[in-house]
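Please treat every number below as a calculation from the coordinates, not as lab data. This is a predicted model, so every value here is computed, not measured. Note: ideal-geometry Cβ built from the backbone for every residue, glycine included; neighbour counts use all protein chains shown.
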Amino acid sequence: MSQEQGVATTEIAGNITGQTLNEFLTFQLGSEEYGMDILKVQEIRGYDSITQIANAPEFIKGVVNLRGIIVPIIDMRIKFKLGNAEYDQFTVVIILNVSGRVMGIVVDGVSDVISLDMDQMRATPEFGSVIDTEYIMGLGTVEERMLILIDIEKLMGSTDMGLIDQVVN
Amino acid sequence: MSSDLEQFYEVFFEESSELLAEMEACLLGLDVNSPDMEDMNAIFRAAHSIKGGAGTFGFTDMTEMTHMLETLLDKLRKGELEVRSEMIDAFLKAGDVIKDQLAGHRGDGEADPAAAVAVCEELSKFSEEVSGAAEMPAVEVKVSAESAPPVAKLTEDNVSISTTERTVFLIEFPNSELNEKVRSNLLSNLSEMGQLEKLVFGETESRSKLRLITDSTEENVWEVLAFVVDPTNLIIEIEALTKDSASMQLSADKLAVGADESELEEPYGFFPDAPGNTTKPYGFFPGSPAAPADTKDDEVKPGNCKVSINNKNTSSARVSTNFAETSSIRVSIEKVDQMINLVGELVITQAMLAQTASEVDPVVFEKLLSGLNQLERNTRDLQESVMSIRMLPISFVFSRFPRVVRDLASKLNKQIELKQVGEGTELDKGLIEKIADPLTHLIRNSLDHGVEMPDVRIAAGKPAQGTITLRAFHQGGSIVIEVGDDGAGLNREKILAKAKERGLPVHDGMPDSEVWMLIFEAGFSTAAVVTDVSGRGVGMDVVKRNISAMGGRVEIESALGIGTRISVRLPLTLAILDGLSVGVGDQMFIVPLTYIIESLQPTAKDIKSVSGRGRVVQVRGEYLPVVALHEVFNLRPISEEIHDGILVILEAEGHKAAMLVDTLIGQHQVVIKSLESNYRRVQGVSGATIMGDGKVALILDTAALVTSSYKESV
């Protein structure tokens with residue numbers, strides 16, 4: 001899977017124009033706008049009572065009951081130090097299904113679903129960022145907006161998220 | 001090979017495995033002194049069916065082996081030879097060889113031809129013996145038949161009838177299903193049975209018709225065919241019919257050709273006396289052989305791949321076996337688990353509704369509330385019945401032990417009787433699979449170390465034959481399985497001496513129960529010699545570990561010279577846990593009830609500190625390390641003072657510890673959910689569960705908490 005994505009990234013870098021690559025769900029973290037592959041999204045729900053997990057990193061808020069499955073919740077705002085981690089009725093949890101695992105991420109809001117053509121996507125410039133550029137697939141441009149396209153699968157599977165036992169990696 | 005044939009292979013392999021298991025069970029149950037004719041016939045039938053199938057598929061090694069078996073069995077059955085226990089041993093060995101051969105043909109493993117030859121020789125040696133007392137057993141059989149219930153007697157009558165009479169069978173089946181090889185095999189098999197006449201036979205014909213004149217029973221003919229021909233399409237008739245019914249059958253056959261797909265669920269043979277049966281248009285059910293009510297002795301049973309020799313009086317017995325065959329279905333375990341999960345969800349939703357409903361005005365919403373009450377009852381019932389799907393009787397495990405005991409006892413030259421009590425006790429399928437190994441170890445241990453040699457037993461004034469008792473029963477929410485023997489019992493001095501030698505922390509004043517637990521220590525063995533049965537000190541340690549992993553406990557009772565009893569206590573299912581919910585700060589945790597000894601509210605003077613850091617509490621003369629749950633999980637407790645909280649005394653893996661919590665909330669049965677399926681392992685937590693209000697609560701890994709407290713404080 002990651003290999004496929006690798007191929008996709010090189011294609012973006014090569015700026016192959018033409019067909020629609022993918023549909024992206026866009027969401028906000030602080031003032032920045034992000035996008036991720038819509039196919040990885042299972043559902044979107046509100047933020048409700050969460051059971052804390054002992055000795056977990058601060059950005060792992062705990063676990064919730066999603067219709068009988070125990071699902072960990074990660075606050076992306078804390079993880080990426082973007083925006084204020086406040087929880088109100090507008091706080092949104094995106095439930096993801098990546099490589100067979102279900103998890104939720106807390107974001108400031110979900111805006112829309114957009115399709116991006118190849119020529120709307122730019123390769124990631126090299127710069128220091130809170131998100132390792134390794135996890136950024138590219139930058140998307142829609143009119144005046146700029147979307148940071150995250151490779152959510154790679155990010156969630158990474159060791160610094162601590163979601164998966166090291167042995168699995 | 002054509003894929004068509006492979007499909008039949010699968011059927012054959014499966015049926016043969018079942019037949020072999022049946023045969024073994026019958027053999028083990030056979031009383032050598034007064035063999036039950038029913039059992040002998042069952043064994044014979046099983047061997048014969050395997051032979052028929054093997055012959056059809058050209059597995060000659062299996063055919064030879066089963067043929068030898070059959071020859072000997074036939075002689076036993078007819079009373080020409082007397083059953084001896086060596087024969088049963090030989091039969092069991094032969095069964096093993098066939099099992100290996102079957103596995104070989106299946107593609108997993110190789111059968112050892114040498115073993116087959118050895119068993120064959122043994123069998124033929126037995127069958128060559130000419131019994132001098134040929135008439136003796138015949139008399140015995142008669143006696144037993146008279147005292148046996150009427151059903152058994154009648155069946156015997158049937159056998160004798162069918163072996164003396166020659167019957168003419170008309171066999172009809174569609175051609176399209178068979179390839180050349182199968183067909184020729186089939187023909188040669190049938191012609192071996194008697195005089196075979198091809199009425200319609202050839203590749204161009206859509207259906208083959210054969211006439212077979214044989215002294216075999218209808219059952220045998222059916223068995224030869226059933227492996228290769230789809231039973232729903234197979235028609236076997238007996239020509240000796242009255243004119244009326246024969247003509248009716250003809251019309252039924254005509255109808256049958258058209259609709260082959262539908263299957264007859266209920267054999268008509270259930271109601272042989274029912275009026276009007278004969279006038280029903282059987283042709284709607286093509287599998288049905290149009291059994292006329294006035295057939296003298298024989299009746300074909302459709303649907304169940306079996307033909308039974310049946311007359312009106314034996315039909316009641318047949319009905320019961322047929323019900324057993326049709327009253328169960330095979331469902332994949334995932335489907336069942338999914339259902340259990342869904343019902344679990346339903347229960348939670350129902351609890352949520354009930355909680356919300358408790359806030360509304362009962363007068364205004366009277367109907368709603370009564371509806372909710374009903375929902376509650378229905379959900380509970382549903383949950384119970386769904387849970388019971390996964391439950392299986394423990395006889396699934398117990399059934400393998402007679403063989404284990406038999407083999408091992410003869411190897412060790414001991415005389416041992418295995419008693420089983422409570423085989424019907426049910427427990428979760430997952431546990432059934434896991435409990436088999438530990439139980440085998442316990443039984444082997446009892447056999448080897450528990451029960452003494454016959455001469456020692458007689459010298460001690462005990463009967464030469466030792467008894468091992470396997471007992472299973474429910475107690476509270478758990479199942480208890482006991483392995484008891486009337487052997488020598490555990491030797492306290494020997495165990496203590498051995499423990500001291502190994503440097504284990506023991507003293508002479510230890511209570512018996514603690515001394516006995518020493519035998520579960522890794523590498524602990526008092527056996528002077530290491531045999532291939534036991535003595536290396538590995539088994540018991542593994543037993544203890546496996547059982548703890550299942551959430552169970554092991555207890556030993558023993559008296560020197562009288563015997564030993566090892567009890568294994570397990571929760572009924574792996575999916576449900578009895579737990580005590582405790583509160584720390586604003587969080588709730590579940591502590592598995594099996595680890596809790598007691599809960600108490602400490603006073604300030606009970607708490608002592610050791611070297612300024614570690615705290616211990618004095619409980620009934622013992623100093624136990626205190627594990628403050630809020631410290632382990634970095635939570636803010638309601639009060640920092642120990643005497644404001646509650647201490648829960650836990651015991652795991654032989655260590656005790658006192659866990660400090662803020663409050664005790666209540667006792668629940670909780671459904672265990674995995675935390676690791678979507679997250680990773682969390683230190684101190686073994687799983688999670690969903691409480692009645694839909695919130696997640698973590699289940700504490702008590703064993704880890706207790707042992708970690710020891711590592712820190714000791």
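Quick one: P(r) of segment B:333-390 from all Cα-Cα pairs, 10 Å bins, percents rounded to integers, in order of increasing distance.
24, 42, 23, 10, 1
What length, rounded to one decimal in nm, is gained on full extension from B:Asp31 through to B:Asp108, with 0.36 nm per residue of separation minus their alpha-carbon distance?
Stretched fully, the B:Asp31-B:Asp108 segment lengthens by 24.3 nm.
Distance in nm between label sites at B:Asp508 and B:Asn491, each 7 Å beyond Cα in the beta-carbon direction?
Inter-label distance under the simple model: 1.8 nm.
Which of B:Val347, B:Ile333, B:Pro362 sits closest to the plus end of the dipole of segment B:333-390, meaning its Cα is farthest towards the positive end, when Lys and Arg get +1 and Asp and Glu get -1 on the C-beta?
Positive-end residue among those listed: B:Ile333.
Over segment B:333-390, calculate the relative contact order: mean separation of alpha carbon pairs under 8 Å at least 6 apart, over the residue count, as a percent.
So the answer I get is 60 percent.
Filter B:Lys78/B:Lys99; A:Lys40/A:Lys79; B:Lys75/B:Lys434; A:Lys79/B:Lys695 down to the pairs with a C-alpha to C-alpha distance above 30 Å, please.
Where the Cα-Cα span goes over 30 Å, the pairs concerned are B:Lys75/B:Lys434.
Can you run phi through the Karplus equation (6.51, -1.76, 1.60; θ = phi - 60°) for segment A:52-61 and list ³J(HN,Hα) in whole Hz, with x for Gly and Pro?
Each residue of segment A:52-61 in turn: 5, 10, 5, 6, 8, x, 4, 6, 8, 6 Hz.
Between the alpha-carbon centers of segment B:463-507 and segment B:17-49, tell me the distance in whole angstrom.
Segment B:463-507 and segment B:17-49 have Cα centres spaced 35 Å from each other.
Given R₀ = 60 Å, FRET efficiency for A:Arg45-B:Ala436 by Cβ-Cβ distance, to 0.05?
Values: r = 44 Å, r/R0 = 0.73.
Computed FRET efficiency for A:Arg45 and B:Ala436 comes out at 0.85.
Could I have the simple spin-label model distance between B:Asp407 and B:Glu14, label points 7 Å from Cα toward Cβ, reported in nm to one decimal?
Each label point is offset 7 Å from its Cα along the Cβ direction, giving 2.7 nm.
Rank these for me by crowding, B:Leu700, B:Leu431, B:Leu375, going from fewest to most other beta carbons within 10 Å.
Going from least to most buried by this count: B:Leu375, B:Leu431, B:Leu700.
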